[in-house]
Structure formats: C-alpha cells, structure tokens
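The values are calculated or read from the model by the stated rules, or taken from the named source; none is laboratory data. Bear in mind that the values here come from a model prediction, so they are computed numbers and not experimental data. Here Cβ is always computed from backbone atoms with ideal geometry, including for glycine, and neighbour counts include all displayed protein chains. These accessible areas exclude ligands, DNA and RNA; they are computed on the full protein's heavy atoms, side chains included. Shrake-Rupley method; radii C 1.70, N 1.55, O 1.52, S 1.80 Å.
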Amino acid sequence: MVTELVQHVRQDIADAAEHPSQHVGELLCLAAVAGASIGGLKIVANVAKLATEERSAQLAIDNLPSLLETTIPSNPTHEALEMRLSIDAGGGIKRALTVHIPPGFDAAKENAALVGFDSTQLNRPAGALNKINGLGATSDKYGFLSVFPEQAPQARLTPLKWAGKSLTSWNAEGLPLNYRPKLGNDVQLVRNIVDALPKAMKVDPNRFVLTGFSDGAWLVNKAVSTGERLPVSGVASISGSLAESDMPQAHLKGLFVRGTNDLNFPAIGGAGKNTSMLKLFGHTNINTSRPALQAEKYASASGLTKIEPSVDTELFTEHNFSSPQSANAPVREYVIKRGGHTWHGRAVGEGAESEFSPTNGRPLNSDEFSVNEKIAQYFDLGGKVRRSLAITD
C-alpha cells in the first residue's frame, strides 16, 4: 500500500509541476496532512483501495462488447431490457454505457432515442439518470430507447481521495474540472455514441435527443458547439450551463430548466456557493459558467426571437423562442422559482444518491413539475399516438 501511495504522490507532483497554478490547493492539503502519521496511514489505505477498485472497474469495461459491434434487439416482453456495452472515449480509453430498451420496442421501425449524461457524482454508483432521476421509467412509459454513458473516475491526490471517496465526472476541455487527456475526451465520446447508435438501431433523426444534468448538460452544450455538426435533433439541459464563448449549432430544438436558487451554477454566472472551492484547486473554468445564456444562444444560432409575454406561474416562468414563420417554440426555458441545482420530479431517496445531493436543493414533486415528462412530451419521444395513450394510462 505504501508503494501505491508513493506512485500516486509522484504522479500528482508531476501534474503539479506541469500546471502549478492548478494544483496549489492540492499541494497545500498534502503539506497539511503529511505530518499526521495516524491520518497518513488511513490515507495510504484509502488511496490503495480506490486505485484497486478503479483498475478492476476499467478491466471490466474493457471486456464489454462494443456498441459499434452490437445490434439492438426488439423487446417483445412486458419488462425493460438493459445491455451494458462499451464505447471509445478517445485515446484508447473505453467507457461503459447502459442501453435501456423499453417494453414493446420494435427494432424493425424507426424509434426515438435519448442519450443522457449525468452530473458529477460523489460516492455513488452509475445509474442516477436511469433509475433515481427516473428517465428509465419514462422511457418505458413512452417507448423510446435511452442510453446512459458512465463518467470517468477523477482519481487525483485531493482530500476526497484521501478520505476514500470516489469522484466521477466528465472530462473535456472547458468543463468545470480541468481536462486530463489520459482519461479520454468526452466531447469525442458524445460524437462516438451519436455516430454509433444509428448503426445499432433505426433512429428517427427527428427524435434523436441529447440530455444532461449539471456538468453533463455542460458537456452536451460543449459537444454541439465544436463547429462540427452532430446529427441530433434536440438538446435538453437540466440545471446546466455553458461558457460565454460556446455557440451551439443551428436548428436544434432546445429545452432548458434552471433554478433561481442554484448554488452550483448561479444565474449571474461564475462559481456558486457549492462550486467556489473548485477555484482553490485550480479548476478555474467554473468562472466561465453562464447558465442564463443557454436558451438565448440556442435561439440566436437559429435566428429565433423571444415570444412575449412569458408564461408566469406560481412555480416557474416559461420563456419561448420561435421564428415569425412558425407558431411552434423550438427553444423553451423553464426558470423554477426558488429552484435549486436538481432534477425536478425525481424520486428522492430511491437508490444510492450522490453525497452532493443534499446540498443541491430539494426537487419539486413530480405532480408539480416533472423534468422527465417535459422532455418526453416536448421532443415527442413517444410519438403522437403512443404519447396520447401513455398520458391516459
């Protein structure tokens, strides 16, 4: 175990030497803890345990069948089916993903598809969007296929790792946590999934949607802002953000949900109460956060204008953006009054939640405001016939 710690220290000191301004906080914490012998022994055990778990998890992922070599089957049963597959994330790094196939899924027909990117997680296994946040059940209700990629383990010498806490997040340039090329590139991951899925099934190009929660939404916004068009029809950002320099591709249908009391990505931009400590550890991209610009940027990219007046209710304000030639609103934003950094309508307390959840604000109940229903209906993921039947179930 001592050897494990020495190896991690050497790697993180090398990282610090390469980018000293990004690692000041980590080195300060290292200096503070190094003198505590009892705590030091605990750190040795925690670091070794996490390293072993991450190696084991990556080995399991490397042995999964690839999405590129898979044909997604029909599901004639009354229960959902799930397939755990792998996909390349750049640099030879593989990531796992779960394909959720709803009951009655007919692979011979064109089907709606949704790819969901979760938020940064602390000490919580993958599966929040699918299970805790309820998108899997929504997929079953409306009949669309859903895909849930898993994040990279952000192993580094920080107090979290010393305490034996597992942190997983997305990894790409411009995201809140600093980009680490050795963990792959998740903008490339998004593109690889979007390219591979239509080869594994018949995807309806008009109902092919990316959604993300928190920095998962930031990743999606980044992926459609590279200048290289992604063949998707829409984006749903839940408690997400983007940088002021990001400009999404044109002609995307957009749905945005954010809260006025978001302590991670506050509407005024920059770091919030819950994310200000990132700067101590050199993760300064949080300063570029501009959540209130998301809907405006998507609307501007497609030449849309804001429809007045906005819809104002006791729980939220709804902003719609459209063109003079269309009565539809290709871009819609819900601003939840007193809403936190959360997924409204999710089932609180079901399954293993991230340790970040208690600080993010309590979500509205599903009968008040359901993100899952808004996504399914706004993007017509069930199709008009199935959707009308599902709502009356």
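A Förster radius of 35 Å, combined with the Cβ-Cβ distance separating residue 69 from residue 244, puts the computed FRET efficiency at roughly 0.30.
Nonpolar atom fraction for the stretch 61-103, defined as the carbon and sulfur part of the 1.4 Å probe accessible area, stands at 55 percent.
Rounded to the nearest 0.05, the FRET efficiency derived from the C-beta distance between residue 206 and residue 300 at R0 = 22 Å is 0.50.
Close amide H pairs (under 5 Å, H built 1.01 Å from N) link residue 112 with 145, 204, residues at least 5 positions away or on another chain.
The residues of the stretch 161-271 expose on average 32 square angstrom of accessible surface per residue, using a 1.4 Å probe on protein heavy atoms. The protection proxy used here, the mean number of other Cβ atoms lying within 10 Å of each residue, ranks peptides 142-152, 95-105 as follows, highest first: 142-152, 95-105. The amide H of residue 251, built 1.01 Å from its N in the peptide plane, has 302 as neighbours under 5 Å, considering only residues 5 or more places off or on other chains. Rounded to the nearest Å, what's the spacing between the alpha carbon centres of the stretch 205-271 and the stretch 273-335? Just the number, please. So the separation of the two Cα centres works out to 9 Å. A full extension of the chain between residue 317 and residue 366 corresponds to an added length of 15.9 nm, given 0.36 nm per residue minus the alpha carbon distance.
Counting Lys and Arg as +1 and Asp and Glu as -1, what is the net charge of the other residues whose Cβ lies under 13 Å from the Cβ of residue 86? Result for the neighbourhood of residue 86: -1. Working note: Karplus 6.51/-1.76/1.60 with θ = phi - 60° gives the stretch 212-218 the couplings x, 10, 6, 6, x, 5, 4 Hz, where Gly and Pro are set to x.
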